[in-house]
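The values are calculated or read from the model by the stated rules, or taken from the named source; none is laboratory data. Fair warning: this is a prediction, and the values are worked out from it, not measured in the lab. Positions of Cβ are generated from backbone atoms using ideal geometry, with glycine treated the same way; all protein chains shown enter the neighbour counts. SASA here: full protein model, heavy atoms, side chains in, ligands and nucleic acids out. Shrake-Rupley method; radii C 1.70, N 1.55, O 1.52, S 1.80 Å.
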Amino acid sequence: QVQLVESGGGLVQPGGSLRLSCAASGRSIANYGMGWFRQAPGKVREFVARISWTGGRTYYGDSVKGRFTISRDNAKNTVWLQMNSLKLEATAVYYCAAGTQLGSSQPGSADYWGPGTQVTVSS
């Protein structure tokens, strides 16, 4: 199995930037599609971004397109989410996910989840 742990969350002002990291252990993530999802209080888990197992293709939710960037380094067993121009509505718990058949933007396609890291956008 794969264990995932997110880090880098915190408090940031509107328009600011933050970079989240997802460190994997237990086995290599080289053959897993990886993704980021978020969930705000009282709302369903929302797709943010995902990246193919080689890193050759990336996909983004409409609400973050053009402002967020997902990347990975399989040798380091790490995935990142660079978040720029943060808006108030970006406030949520952000979750890292891995799946052999991730290939979609649906949370149910993931096999493994991290515990999440809180991102709060506030002035």
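Can you give me the relative contact order of the chain as a percent, contacts being Cα pairs under 8 Å and 6 or more apart? Don't jump to the answer; show the numbers that get you there.
Working: 313 pairs, mean separation 43.4, N = 123.
About 35 percent, as a whole number.
Roughly how compact is the stretch 1-89, stated as its Cα Rg over 2.2 N^0.38 Å to two decimals? Please list the in-between numbers first.
On the way: Rg = 13.2 Å, N = 89, 2.2 N^0.38 = 12.1 Å.
Its radius of gyration relative to the 2.2 N^0.38 Å reference: 1.09.
Among S21, L102, I70, which residue has its Cα furthest toward the positive end of the charge dipole of the chain, with +1 on Lys/Arg Cβ and -1 on Asp/Glu Cβ?
Looking along the dipole axis, the top candidate is I70.
Within the accessible area of the chain, what % is carbon and sulfur when the probe is 1.4 Å and the other protein chains stay in place? Provide the component values of the computation, followed by the final result.
Values: 2960 of 6180 Å².
Within the chain, the accessible surface is 48 percent carbon and sulfur.
Per residue, how many Å² of accessible area does the chain show with a 1.4 Å probe?
On the way: 6180 Å² over 123 residues.
Result: 50 Å² of accessible area for each residue.
Aspartates and glutamates within cross-link reach of K65: Cα-Cα under 12 Å, excluding same-chain residues under 8 positions apart?
Within the straight-line cut-off, K65 pairs with nothing.
Please report, in debye to the nearest 20, how large the charge dipole of the chain is about its Cα centre when each Lys and Arg carries +1 at its beta carbon and each Asp and Glu carries -1 there. If you can, show how the numbers build up before the last one.
Working: 12 positive and 6 negative charges, 31 e Å.
Roughly 140 debye for the chain.
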